[in-house]
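The values are calculated or read from the model by the stated rules, or taken from the named source; none is laboratory data. This structure is a prediction, so every number in the text was calculated from the model and none was measured. In this analysis, Cβ positions are derived from the backbone assuming ideal geometry, glycine residues included, and neighbour counts consider all displayed protein chains. Accessible surface is based on the protein model in full, side chains and every heavy atom, while ligands, DNA and RNA are left aside. Shrake-Rupley method; radii C 1.70, N 1.55, O 1.52, S 1.80 Å.
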Amino acid sequence: MSPSAGSKAAGGSSPGGLLDAEFMGQVERLSLVARSTIIGQVRGERRSKKRGYSNEFADYRDYVAGDDLRYLDWNIYGRLERLFVKLFHEEEDLTVAILVDVSQSMNQGEPGKLRYALQVAAALGYIGLMSEDRVGIYPFAEELRQPFSPVRGRRNAARMFRYLEQQLANPGGVTDLHASLRTFSHTFRGRGMVILISDLLDPAGFDEPLRAIAGRRLDSFLVHLLSPQEEQPPVTGDLRLVDCETSATCDLSVNRRLLEVYEETVQRFREGVAQACSRRNIAPLFTTTATPFQHLVLGYLRSRGLVR
């Protein structure tokens, strides 16, 4: 399939310009990669509507009339003069859940974190749909919003883009990671891939909430997103800071030493995120909006193994 055909199938470009046609053509042949093989039934035992089959051998059984002759083991027949059918593990089709933080803290920075996060979600969701994976979108702020329930197929790409555009127009309030991710864990059942896109700026912390997206049945990724201004604030002098979510204020005088302490604090924050992810078996991907999202998807996420 040519890039132009794929882009046309998805409507040419996404609403609001989250993705353009050229970028969509570049990613439509990519696929999302689960770090662990998600194993389902055994091929050869019974018919299934599942698509993906692995080459991992499982067992043999006696041949019975009507079995697919492609799975006969002729080497064993040559030795024993008996017909055996080879059985293989069957991989389940992948369900991809993309959790996007749409709180007010994400509606900050230049370039804006919220738009950037939704562009990454649109790109990963589009890759999943083009690969015939099931894709669901789960925005959250103080609570989990009504999700875009998992669907499969490129025909749903335009509807997914419209849904993401609605989130851009309606950012949430305060961040409650614990309530939002706990609700998600009760909502999402079965095996699959979970991708959380967030700044993790919740005064209550992020360590315990991350437990909700970790587990033996899930491949979990975190895209931790900050703005350049949050890493290195371009401010000095006497300031009044206003919390964008709670409206709480803080008066302070910013000098070089205070900025150094702040940057050290940001570094410890990200180190804490990395450690928490390591404990939960979550793959962390750190970025800022200074990195064009196209480079993040086509370069960094490919090099880290999330897409191929």
Does L252 satisfy the condition of being part of a strand (DSSP E or B) and open to solvent by 70 Å² or more (accessible area, probe 1.4 Å)?
-> no
Out of all the residues in region 155-174, which are within 17 Å of L129 (Cα to Cα) and free of Cβ contacts under 8 Å to residues at least 24 places away in the same chain?
-> R159
For V242, indicate whether it is touching a helix residue (DSSP H, G or I) at 6+ places or on another chain (Cβ under 9 Å) and either of a type in the set (D, E, K, R) or farther than 21 Å from A122 by Cα (or both).
-> no
Enumeration of residues in region 265-282 that are among the aliphatic types (A, V, I, L, M) and part of a helix (DSSP H, G or I) = V266, V273, A274, A276
Out of all the residues in region 22-43, is one or more modelled with pLDDT of 80 or more, open to solvent by 90 Å² or more (accessible area, probe 1.4 Å) and assigned to a loop (DSSP other than H, G, I, E, B)?
-> yes
Identify, by number, the condition in (1) under 15 Å from the mean Cα position of the chain (by Cα); (2) not in a helix (DSSP H, G or I) that L296 doesn't meet.
-> (2)
Read through the list (1) open to solvent by 30 Å² or more (accessible area, probe 1.4 Å); (2) farther than 16 Å from V223 by Cβ; (3) within 26 Å of the chain's Cα centre (by Cα); (4) among the β-branched types (V, I, T), then give the number of the only condition that T291 fails.
-> (2)
So L285, is it open to solvent by less than 50 Å² (accessible area, probe 1.4 Å) and in a helix (DSSP H, G or I) = no
Answer residue from region 50-77, given it is of a type in the set (K, R) and at pLDDT 70 or above and is least open to solvent (accessible area, probe 1.4 Å) among those = R61
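Does at least one position in region 219-239 carry a residue that is hydroxyl-bearing (S, T, Y) and in contact with a helix residue (DSSP H, G or I) (Cβ under 7 Å, 6 or more places away or on another chain)?
Looking for residues that are hydroxyl-bearing (S, T, Y) and in contact with a helix residue (DSSP H, G or I) (Cβ under 7 Å, 6 or more places away or on another chain), one finds at least one in region 219-239, hence yes.
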Scan region 195-227 residue by residue and report those that are open to solvent by less than 10 Å² (accessible area, probe 1.4 Å) and of a type in the set (F, W, Y).
-> F221
Just give me the residues in region 98-146 being basic (K, R) and either at pLDDT 95 or above or touching a helix residue (DSSP H, G or I) at 6+ places or on another chain (Cβ under 6 Å) (or both), in sequence order.
-> K113, R115, R145
Those residues of region 175-192 which are more than 25 Å from Q108 (Cβ to Cβ) and either β-branched (V, I, T) or surrounded by 24 or more Cβ atoms within 10 Å (Cβ to Cβ) (or both) amount to T187
Taking region 239-268, which residues are under 27 Å from the mean Cα position of the chain (by Cα) and in contact (Cβ under 8 Å) with a residue 60 or more places away in the chain?
-> C244, E245
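Please work out if R145 is touching a strand residue (DSSP E or B) at 6+ places or on another chain (Cβ under 8 Å), under 17 Å from L196 (Cβ atoms), in contact (Cβ under 8 Å) with a residue 12 or more places away in the chain and open to solvent by 50 Å² or more (accessible area, probe 1.4 Å). Outline the logic, then answer.
Values: touching a strand residue (DSSP E or B) at 6+ places or on another chain (Cβ under 8 Å): yes; under 17 Å from L196 (Cβ atoms): yes; in contact (Cβ under 8 Å) with a residue 12 or more places away in the chain: yes; open to solvent by 50 Å² or more (accessible area, probe 1.4 Å): yes.
When the stated conditions are applied, R145 passes them.
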